[in-house]
Amino acid sequence: MPLTLEKLQQKKIWFCCPYWRRKFSNKYNTRLLAQLLKVPMAKLYWYGQYPIKIPFDNLPSHYIIRPTSGASSQGVFVVSNGYDLKSGQQITHKKIIKSLQKYQSKHPYTYFLVEEFVKNERGLYQMPVDYKIHMFADRVGCIQRVSESDHRKGRHKLYDSNWVPLPTHPERYLECYPEDRIYPPPNNLSKMLEYARKIGKVYDHYVRLDFFQTSNGPILCEFTPTPCLGLHVTD
């Protein structure tokens, strides 16, 4: 039975079993939890199981499509005026539908979200910088700034909660991206951390929370308790 906001408001349903946190690996359920905790996310234009039913004719010229489950940005489209910024190619509605159906054939219980493509902090429609905040309950372990969530193109740098870069010697903490240069913090780092602590306190476990810094402040993208299935973590 699917989770709803009304059910989520009854705390006993959160803790229905020892593995209740797994419910929030579903990206639609993430939206419900964020709504309950008043943590902003991108607008939801459409949610459903069948790609053929996506109302493309009613969508704005900029939008994002992603599956409710999955990793490494598989099944994700970042569309800007008929151009997919992820693949760097022109894209049609038919190609999107065919690709999503192929993805769904391997992941049959997947639904899809069509969401607002938010502008970055400079007010531009570009591939967003990811701020992946590694939380231990409401304690910030580190902030991982990722230039692009593509393991072939992206670069990252780790910072503490005060935006002090973490050392890379004698070993790196995470090896999922090549090392990036040092960047200044996002405009609303304190608000981003406030949201992260709010969710982390409820989750009460390790979780990585992914945020975007937009022209209207930070928004939550998603979270995962097992980044990259636990791979790329050093001793």
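Return the total of residues in the range 126-170 being open to solvent by 10 Å² or more (accessible area, probe 1.4 Å), out of contact with any Lys or Arg (no Cβ under 6 Å at 6 or more places or on another chain), at pLDDT below 90 and not aliphatic (A, V, I, L, M).
13
Which of the residues that make up the range 66-83 are more than 22 Å from SER147 (Cβ to Cβ) and open to solvent by less than 20 Å² (accessible area, probe 1.4 Å)? Don't jump to the end; show me each part of the working.
Kept after step one, since they are more than 22 Å from SER147 (Cβ to Cβ), are these residues of the range 66-83: 67-69, 81-82.
Within the range 66-83, PRO67, THR68 qualify.
Search the range 17-30 for residues being surrounded by 14 or more Cβ atoms within 10 Å (Cβ to Cβ) and either free of Cβ contacts under 8 Å to residues at least 60 places away in the same chain or not in a helix (DSSP H, G or I) (or both), and hand back the single one that is farthest from the chain's Cα centre (by Cα).
Here is the first cut: in the range 17-30, the ones surrounded by 14 or more Cβ atoms within 10 Å (Cβ to Cβ) are 21, 23-30.
From what's left, either free of Cβ contacts under 8 Å to residues at least 60 places away in the same chain or not in a helix (DSSP H, G or I) (or both): 23, 26, 29.
Details: LYS23: 15, ASN26: 11, ASN29: 13 Å.
Once the filter is applied, the top-ranked residue is LYS23.
Taking the conditions exactly as written (within 19 Å of the chain's Cα centre (by Cα) and within 24 Å of THR68 (Cα to Cα)), does VAL140 satisfy them or not?
Values: within 19 Å of the chain's Cα centre (by Cα): yes; within 24 Å of THR68 (Cα to Cα): no.
Against the criterion (within 19 Å of the chain's Cα centre (by Cα) and within 24 Å of THR68 (Cα to Cα)), VAL140 does not qualify.
Please state which of the following conditions VAL146 fails to meet, knowing it meets all the rest: (1) on the phi > 0 side of the Ramachandran plot; (2) touching a Gly at 6+ places or on another chain (Cβ under 8 Å).
VAL146 satisfies all of (1) on the phi > 0 side of the Ramachandran plot; (2) touching a Gly at 6+ places or on another chain (Cβ under 8 Å) except (1).
Tell me which of these TYR45 doesn't satisfy, since it passes every other one: (1) modelled with pLDDT of 95 or more; (2) within 20 Å of the chain's Cα centre (by Cα); (3) open to solvent by less than 70 Å² (accessible area, probe 1.4 Å).
Against the list (1) modelled with pLDDT of 95 or more; (2) within 20 Å of the chain's Cα centre (by Cα); (3) open to solvent by less than 70 Å² (accessible area, probe 1.4 Å), TYR45 comes up short only on (3).
Please go through the range 84-123 and pick out each residue that is part of a helix (DSSP H, G or I) and either polar (S, T, N, Q) or open to solvent by less than 70 Å² (accessible area, probe 1.4 Å) (or both).
Filtering the range 84-123 down to residues part of a helix (DSSP H, G or I) leaves 93-106.
The answer is ILE96, ILE97, SER99, LEU100, GLN101, TYR103, GLN104, SER105.
Among the residues that make up the range 209-232, is at least one of them hydrophobic (A, V, I, L, M, F, W, C), at pLDDT 90 or above and open to solvent by 60 Å² or more (accessible area, probe 1.4 Å)?
Going residue by residue through the range 209-232, those that are hydrophobic (A, V, I, L, M, F, W, C) are 209, 211-212, 219-221, 223, 228-229, 231.
Checking the rest, the ones that are also at pLDDT 90 or above come to 209, 211-212, 219-221.
Adding the requirement that they be open to solvent by 60 Å² or more (accessible area, probe 1.4 Å) leaves none.
No, the conditions are met nowhere in the range 209-232.
The values are calculated or read from the model by the stated rules, or taken from the named source; none is laboratory data. Only a predicted model underlies this, so the values are computations on that prediction, with no experimental measurement involved. Note that each Cβ is placed from the backbone with ideal geometry, even for glycine, and that neighbours are counted across all protein chains shown. Quick note on the areas: whole protein, heavy atoms, side chains included, nothing else; ligands and nucleic acids left out. Shrake-Rupley method; radii C 1.70, N 1.55, O 1.52, S 1.80 Å.
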